[in-house]
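Derivation of every value follows stated rules applied to the coordinates shown; laboratory data play no part. For clarity, every value in this text was computed on a predicted model and none was experimentally measured. Here the Cβ is made from the backbone with ideal geometry for all residues, glycine too, and neighbour counts use every protein chain on show.
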Amino acid sequence: MDTLSQSFVTALALVASFDRELSAIVLLSLKVSLTAVLIATAVGLPLGAAIAVGRFRGQQTLTVILNGLMGLPPVVVGLLVYLLLSRSGPLGEADLLFTPTAMIVAQAILITPIIASLGRQVVEDAWREHKEQLRSLGASDWRAALTLLWDTRFSLFTAVLAGLGRAAAEVGAVMIVGGNIDGVTRVMTTTIALETSKGDLPLALALGLILIALVLLLNAAAYMTRQWAARHYG
Amino acid sequence: MGRPTLRLGTQASGLFPLELRELSFESHGTPIIDRVSLAIDGERRTVILGANGAGKSVLMRLMHGLLEPSGGRITWGGRPQRPRAQAMVFQRPVMLRTSALKNVAYGLKLAGVGRDERLSRAGAALARVGLQHLAARPARVLSGGEQQRLALARAWALEPKVLFLDEPTANLDPTATREVEDVIADIALGGAKIIMTTHNLGQARRLADEIVFLHRGRVVEHTPAEEFFRQPRSAEAAAFMKGELPWF
């Protein structure tokens with residue numbers, strides 16, 4: 001009990017003093033996860049909108065697969081990306097294993113289905129409402145998809161935040177493809193895992209606190225965006 | 001650009017008559033529209049009247065082109081091409097999450113109108129429906145009546161030669177209904193052909209020059225309004241008139 005409270009105090013001190021090691025880890029985490037979210041959004045939202053609005057065979061199958069992939073286990077994604085990027089793998093030439101780039105790739109793969117799937121749901125609901133009006137005005141399906149992506153931007157933002165939350169909190173994928181190398185590929189979650197097993201609780205706790213704060217912040221942002229949008233745009 | 005400022009009479013535009021020949025529409029094997037043949041001219045305001053489920057909305061969507069017929073055909077002035085200069089206003093107005101003005105401008109954008117012209121035309125259309133003071137307001141927070149007038153402005157801005165209206169006042173209170181009817185009458189005066197559905201007899205009396213009475217997917221009569229309201233030719237229409245309270 002004593003060690004715990006002592007660790008807690010040290011952790012708070014680390015956070016308050018903007019400890020250099022701590023900041024570097026937090027910054028790398030944000031850089032990796034934000035970049036992954038950017039990529040996943042660029043791929044996932046158009047994909048989700050296309051599935052929602054388009055008329056093609058296999059639409060339902062694709063929807064089911066995408067929904068299923070939302071639950072991809074991070075360690076499995078890590079393993080697949082590891083196999084792709086390892087020396088003997090098909091992309092081994094690029095020499096990306098154990099770099100932040102590899103971590104971005106893994107996280108992007110992990111959360112693209114989440115953003116695509118949530119996005120599809122949002123756009124599909126909007127499409128049901130707007131379909132006849134947009135067709136009556138002469139909008140092609142792809143034009144309608146773009147219009148609805150813009151029209152549902154506030155709901156989609158919360159989908160993107162959900163992806164960010166998932167990316168920032170996962171440990172399995174970045175651990176495998178990043179390797180948790182001190183100063184190079186150590187992010188919040190991998191550090192927590194390592195430091196805890198080493199018995200160095202203050203750093204792990206400090207990172208845990210920051211991670212929890214970040215997740216709470218993301219959810220608050222999502223909630224407030226929805227509220228604001230509902231008040232201003234209906 | 002390229003739109004004539006001088007309005008040609010709708011008859012002169014060559015879109016009419018709008019002819020339906022043996023037009024049918026089925027949904028999952030159930031006939032909704034059953035071999036309807038009808039010729040509509042470009043002059044008179046046409047009201048499609050009938051009970052709920054008679055097929056009014058489906059018939060209108062077939063004419064507008066939102067639905068493909070299962071059988072038969074539609075021609076405009078003898079040609080099968082659907083004219084571009086047509087618009088439709090739905091029972092429930094659907095607005096994008098942006099200002100009233102930009103909602104009107106969006107329709108013009110899809111029609112290929114340049115940016116400056118679309119803003120000025122959208123502004124003018126808002127003024128014509130009496131909503132210029134709400135131009136900057138988010139469209140979806142306007143009242144139901146305001147949103148329906150906004151939908152009319154969006155349609156009007158396109159300068160349609162034919163305006164379809166599907167139960168445009170079904171969700172509105174009497175005051176808002178009157179405002180919407182006034183706008184519809186103005187659009188008709190501007191030279192657009194009006195084709196609208198309603199199950200409201202009072203509204204049909206106020207707006208119709210001719211009545212198409214639909215019963216179970218079939219046209220049972222097509223009569224000048226005055227004659228229809230004096231004495232409908234068909235037993236179905238007579239029964240409908242008896243059962244339906246003439247509102248207002």
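What to note about this one:
- Calculated FRET efficiency for the pair B:ASP41/B:HIS133, C-beta based, R₀ 41 Å, to 0.05: 0.60
- For region A:200-234 versus region B:157-205, the gap between their alpha-carbon centres in whole angstrom: 49 Å
- Amide hydrogen neighbours beyond the local backbone of B:MET88, cut-off 5 Å, H modeled: B:PHE164
- The GNM of chain A, with springs linking C-alpha atoms under 10 angstrom apart, assigns the highest mean-square fluctuation among A:ARG57, A:ARG87, A:ARG153 to A:ARG57.
- Relative to the longest principal axis of the Cα atoms of chain A, the long axis of helix A:188-198 makes an angle of roughly 30 degrees.
- 10 Å Cβ neighbours from other chains, averaged over peptide B:33-42: 0
- Inter-chain Cβ neighbour count for B:91-97, averaged per residue, equals 5 (cutoff 10 Å, partner chain atoms only).
- Electrostatic dipole magnitude of the protein assembly as shown [Cβ: Lys, Arg +1; Asp, Glu -1; Cα centre; debye, to 20]: 1160 debye
- Farthest positive-ward along the protein assembly as shown dipole, Cα basis, beta-carbon charges - from A:GLY178, B:LEU62, A:ILE115: B:LEU62
- For chain A, the longest principal axis of the alpha carbon atoms and the long axis of helix A:100-136 meet at an angle near 20°.
- When each of A:TRP127, B:TRP156 is scored by the number of other beta-carbon atoms lying within 10 Å, the sequence from fewest to most is A:TRP127, B:TRP156.
- Too-long pairs where the Cα-Cα distance tops 21 Å, listed order kept, from A:LYS131/B:LYS56; B:LYS102/B:LYS161; A:LYS31/A:LYS198: B:LYS102/B:LYS161; A:LYS31/A:LYS198
- Note on B:ARG21 and A:VAL184: the model spin-label points, each 7 Å out from Cα along the C-beta direction, lie 7.8 nm apart.
- Cα-based helix-to-principal-axis angle, A:59-69 vs chain A, degrees rounded to 10: 10 degrees
- Of A:LEU207, A:LEU80, A:LEU62, the one that fluctuates the most in a GNM where chain A has Cα springs shorter than 10 Å: A:LEU62
- ³J(HN,Hα), Karplus 6.51/-1.76/1.60, whole Hz, each residue of region B:201-208, x for Gly, Pro: 5, x, 5, 4, 4, 6, 10, 7
- Cα-based shape type of the protein assembly as shown, given that a ≥ b ≥ c are square roots of the gyration tensor eigenvalues and the cut on a/c is 1.5: prolate
- Estimated FRET transfer efficiency (B:GLU68, A:ASP141; beta-carbon r; R0 22 Å; 0.05): 0.90
- Note on A:THR225/B:SER143: beta-carbon distance plugged into 1/(1 + (r/R0)^6) with R0 of 25 Å gives a FRET efficiency of 0.50.
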